[in-house]
Amino acid sequence: TDLFEGQILFRLKNGKSDDAPSQSRYFSGRQRVRQYKIQGRFKDTGATPRKLSEVYAGDIYSQPLGLKPPPFIHKIIIKIMKQAVPGVIMDLLSDSPKVLALSFSGAQTIRIDLPGTEPDIMDIATEEDTSLLFGTSHPTINVHDSAKRRTSLSNPNGLANEYNYNPEHVYTFDFYDNLLDLGLYTLNMPVLGAFDMTRTLGGQPMSISMMVKDPQQDKDGNDQFQYVFGFRVWHERLLPVGRQAQGKALAAAGKPKKKTERDEYLQHYQRAVQPCFNI
């Protein structure tokens, strides 16, 4: 993209893999249901270097959720997510729902390497090492301790605001969890159970994205973001829900139903039984 160059690796416990042995080794003995790694460099755009406090991972949806959780459930979900991802920004009730966290605190593991010395993205395990950014004797950050890094850098107005991404370095971000199952398209919450994300999102695809926060807010005082990259994650069960939701909206507006992007995907992937990925 204009801001980043690199590669991404997806592993889905309940999804088809083009490297089944590697996938089996990765998930064996673990409760995780997904992993994605991003490895690459932020481009030198000639602008002010990107601060750690400006780069977020997550997504912002353009439409309200199809099924909004009751306020008390919303609070429980936020509490659980904040335990899993320190500093997460989560709003599921507005007309523009969002789930965001600083990339540098949201990733379970981060490595920073000089070009040519970065690890193989296919490695099962990624060793934490941020010494190129923080040195080897930082008073707060242990460059090999991911838990300490995540809590220390979760506040965008704190330590994360004092350090920049270096376009001369290769960053490896390793994200994984046991909550969001992209193979089954469910959100598995402790105590609350599994939520079907096809209905919850109202036909919108989930997205694996990284974005930069604009220092200027819009005219309504809302934060603005520019995508570093974005992967929309489609599932065959999602597409009919999207068509139905759009059909109802158009019928209410007195307009005939038109063929949509989701229809195109359904036609192309009508025999697919696994998620399909689209940039």
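The values are calculated or read from the model by the stated rules, or taken from the named source; none is laboratory data. Here the structure is a predicted model, which is why all the values come from computation and not from measurement. Ideal geometry is used to build each Cβ from the backbone, glycine not excepted, and the neighbour counts take in all protein chains shown. These accessible areas exclude ligands, DNA and RNA; they are computed on the full protein's heavy atoms, side chains included. Shrake-Rupley method; radii C 1.70, N 1.55, O 1.52, S 1.80 Å.
Taking the charge dipole of the range 1-101 about its Cα centre, with +1 at Lys and Arg Cβ atoms and -1 at Asp and Glu Cβ atoms, the residue from G46, I89, I73 reaching farthest to the positive side is I73.
For the range 68-223, the square roots a ≥ b ≥ c of the C-alpha gyration tensor eigenvalues yield an a/c of 1.5 or more together with a/b exceeding b/c, which makes the shape prolate. Within the full protein context, the accessible area of I141 is estimated at about 10 Å² for a probe radius of 1.4 Å. With the charge dipole of the range 86-170 set up from +1 on Lys and Arg Cβ and -1 on Asp and Glu Cβ about the Cα centre, the Cα lying farthest toward the positive end among the listed residues F104, V170, P115 is that of F104. Residues whose amide H lies under 5 Å from that of R34, counting only those 5 or more places away or on a different chain, are K13, D177; hydrogens are built 1.01 Å from N in the peptide plane. Taking label points 7 Å from Cα along the Cα-to-Cβ direction, D113 and D223 give a separation of 3.1 nm. In the structure shown, the pairs K16/K213; K82/K213; K16/K51; K16/K37; K16/K75; K43/K79 are assessed against 25 Å; a Cα-Cα span above that value is assigned to K16/K213; K16/K51; K16/K75; K43/K79.
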